[in-house]
1. Among all the lysines, which ones have a C-alpha under 18 Å from LYS108's C-alpha, if same-chain residues fewer than 8 places away are not counted?
2. In terms of the Cα gyration tensor, with a ≥ b ≥ c the square roots of its eigenvalues, is region 38-92 rounded because a/c is under 1.5, prolate because a/b exceeds b/c, or oblate?
3. Name the aspartates and glutamates eligible as straight-distance cross-link partners of LYS106: C-alpha to C-alpha under 15 Å, and not fewer than 8 places from it in the same chain.
4. So, counting K/R as plus one and D/E as minus one, what does the shell of residues with Cβ under 10 Å around GLY65 add up to?
5. How much net charge surrounds ASP112 when only other residues with a Cβ under 13 Å from its Cβ are counted (Lys, Arg +1; Asp, Glu -1)?
6. Treating cross-link reach as a plain straight distance, find the aspartates and glutamates whose alpha-carbon is under 15 Å from the alpha-carbon of LYS66, omitting any fewer than eight places away in the same chain.
7. Given 0.36 nm per residue, what is the gain on full extension from ALA45 to ASP84 after removing their alpha carbon distance, in nm?
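Every number in this text was worked out from the coordinates using simple rules, so none of it is lab data. Treat the numbers as computed from the prediction; the structure is a model and nothing was measured. Cβ placement follows ideal geometry from the backbone for every residue including glycine, while neighbour counts extend to all protein chains displayed.
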Amino acid sequence: MHRLLFLFFFIGNTQFLSAQVADSNFIIIRNQQMDTYVVEHNTTALDSLYADDFVFSHGSGRVEGKQGWFTSVAKGSFLSRLHDSVTVEFHPQLAIVRGKLSVQKKNKEKIDRYQLYYIRVYALRKSSWQMISHITTREYHEK
């Protein structure tokens, strides 16, 4: 009987962990895809991926909503936005994502290169993961 209970417990935990890994991979892929759309300045594709109540807290301290961020995206000044060291922590209906983002952005006179560390929060709404918050926690600019 104890072996049978252990077997059910083990199988249940294995399936739970496998589901979390699959969900983590989905969130990590979506996280990068969204920034690929930012580089492509494809706000149409991004519209359903960002929640209407999305809040972007920049490393500079500036805070803007979805429409303000989309105005920046539409300008098309981002050359690349690549993620590294991404982790996902799940809670009911929420995914907290931490990572590093390397950015290249064209300026009037040069190309800015910087790395930022962030926390992003995704919410499961109407069976779809949407980003509700991006918080830059640290930012380093190359000279």
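1. Leaving aside lysines fewer than 8 places away in the same chain, those within reach of LYS108 are LYS75, LYS143.
2. Rounded.
3. GLU40, GLU142
4. Residues close to GLY65 contribute a combined charge of -2.
5. Summing Lys and Arg as +1 and Asp and Glu as -1 gives +4.
6. Within the straight-line limit of under 15 Å, LYS66 reaches these aspartates and glutamates: ASP35, ASP47, ASP52, ASP53.
7. Extending this stretch completely gives an extra 11.8 nm.
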